[in-house]
Amino acid sequence: MENDEQLFCPSSSSISTSPLTIPEIAQIICTFVGPKDMMNLALSCRTMYYAMIVQLWHTLQPRSHMVLRKLKNTLEGRHGSWKSMDPQYSRQVRVFRWSSLKDDPTMTTTTTTTNNVNTTITTTTTTTTHMFLERPFFDHFLFPRLQRLEFSYAAAQDFAVAPMIRAARHTLRHVDLSHCYCLSTEAISGLLSVPARLETVILYGCGKIDGGALVRLVRQHGATLKCLRLTDITDVVLDAIRQHCPLLEDLGLEHCSEDGVSEAGLGRFSQAAPHHLSRLRLRDIANLTTPHLGRMAHGLVHLDLSECARVRDLAVLAPLCPALQVLCLAYQAGVSTLAIQQFALFCHDLHHLDVSGSNTTEHVLLLDDALDPSRLGALRELNLSGLEAQLSPDLLFRLLTLLPSLNELCLGVAYDLADAVSILDQINHSRQLYRMNVEKCHTICRIDS
């Protein structure tokens with residue numbers, strides 16, 4: 001197989017005694033050139049053209065359908081005078097990212113007249129281009145050396161994703177198809193019969209992929225998998241993870257029903273969980289209990305137990321994971337004053353805490369007692385949305401003035417905005433430290449963060 005230097009080596013007529021013709025030196029120079037200047041340099045310097053386009057095409061992250069169409073035209077060879085110098089761009093792509101969140105918004109302005117008064121209404125909508133879903137459009141997006149594929153598009157179809165994966169099945173290391181709700185087993189079929197090499201597989205929301213295919217995927221790549229995130233699995237898949245993924249560091253499971261993942265299945269997994277686990281996200285797992293977590297919490301730096309109704313005594317977990325940095329307990333019935341105090345006591349590096357919506361009648365969360373700033377000195381992000389009734393002005397004032405690292409404090413859209421602004425006025429009276437981000441669910445943000 002040709003290497004990159006062979007594909008992008010200048011023609012013999014351009015070779016000179018200049019050190020720029022040495023590929024290694026040209027690549028070093030590329031590291032000092034910003035992304036916006038790479039194209040200008042590529043188009044103005046024939047010698048550096050080849051080195052620059054390797055960098056320019058390494059990562060494709062189109063931010064709109066218009067950019068996708070431009071990429072298609074480029075891959076088809078519509079380059080005018082540059083066509084003679086056109087290398088095989090597709091062989092240079094190592095990372096391809098696409099998300100529907102990157103779509104271009106379209107502004108629509110409507111003017112109406114009422115009682116001789118003109119009223120202008122401006123709305124923002126997201127354009128959806130049918131061309132994106134047409135098979136011919138993706139015939140050109142086959143990158144044989146792709147290592148990282150991140151594809152998050154709710155309407156994505158198998159015929160768009162499957163060919164990309166098949167074309168790069170021997171080089172892919174990272175596959176993220178989160179929130180591609182329409183994909184079926186066909187989308188990942190190219191990964192089921194190649195030697196183990198995948199390190200990351202994220203299939204959140206891909207509920208149409210057959211459980212048997214997930215088992216085959218885990219068995220095929222378990223020896224190299226370090227990150228695995230799945231939705232609505234069964235005991236069979238969980239057992240396969242336990243048996244075939246000894247190097248797993250990051251495990252995410254969500255929306256697993258009582259019939260899907262049983263208490264016994266969780267028991268088997270927790271007793272023989274991979275020893276390298278450092279990130280654990282178990283969201284809405286019906287049969288998950290505190291004893292299960294007690295066997296998996298050792299060494300964790302990231303723990304998400306949101307919406308796990310049967311996890312009650314959270315306080316006993318805190319001493320087991322003193323290195324914890326991120327703790328998410330959103331809509332978690334087991335949150336209590338004691339639990340928060342214990343995590344604050346044992347986890348000195350805790351910098352993200354989310355207890356949004358965790359207000360329950362069984363475990364009354366007394367925030368003033370639980371959130372002691374003297375024990376949460378490392379905290380950078382705190383989410384208290386849904387707890388508006390328990391947020392006293394004094395508590396907010398103390399958190400904002402006594403936590404030097406706090407960059408974001410989310411109050412939730414139901415918190416009285418006037419009260420929050422009044423507190424900010426008191427804190428900012430001598431110097432502007434915080435601002436209110438209304439669009440981010442009434443989040444107080446540090447200005448210099």
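Exactly one residue out of R242, R219, R279, R268 is in contact with a Cys (Cβ under 9 Å, 6 or more places away or on another chain), more than 23 Å from A160 (Cβ to Cβ) and of a type outside the set (S, T, N, Q): that is R279.
Report yes if some residue within the range 299-312 is free of Cβ contacts under 8 Å to residues at least 24 places away in the same chain and buried (at least 19 other Cβ atoms within 10 Å of the Cβ); otherwise report no. The answer is yes; a qualifying residue exists.
Determine if the range 383-398 includes at least one residue that is of a type in the set (D, E, K, R) and either touching a Cys at 6+ places or on another chain (Cβ under 7 Å) or open to solvent by less than 20 Å² (accessible area, probe 1.4 Å) (or both). Taking every residue of the range 383-398 in turn, none turns out to be of a type in the set (D, E, K, R) and either touching a Cys at 6+ places or on another chain (Cβ under 7 Å) or open to solvent by less than 20 Å² (accessible area, probe 1.4 Å) (or both). Condition test on L324, is it open to solvent by 20 Å² or more (accessible area, probe 1.4 Å) and under 24 Å from C256 (Cβ atoms)? So L324 fails the test. Scanning the range 75-100 for residues that are over 20 Å from S64 (Cβ atoms), at pLDDT 55 or above, open to solvent by less than 70 Å² (accessible area, probe 1.4 Å) and outside any helix (DSSP H, G or I) yields G77, P87, R94. Identification of strands (runs of 3 or more DSSP E) wholly contained in the range 404-449 with 3 or more residues that are touching a residue at least 24 places away in the same chain (Cβ under 8 Å) and surrounded by 13 or more Cβ atoms within 10 Å (Cβ to Cβ) yields 408-410, 443-446. In contact with a His (Cβ under 6 Å, 6 or more places away or on another chain) and closer than 12 Å to A344 by Cβ: is that true of A378 in this structure? In short, yes.
The values are calculated or read from the model by the stated rules, or taken from the named source; none is laboratory data. These numbers come from a predicted model, not from an experiment. Cβ atoms come from the backbone with ideal geometry, glycine included; neighbour counts cover every protein chain shown. Heavy atoms of the whole protein, side chains included, go into the accessibility calculation; ligands, DNA and RNA do not. Shrake-Rupley method; radii C 1.70, N 1.55, O 1.52, S 1.80 Å.
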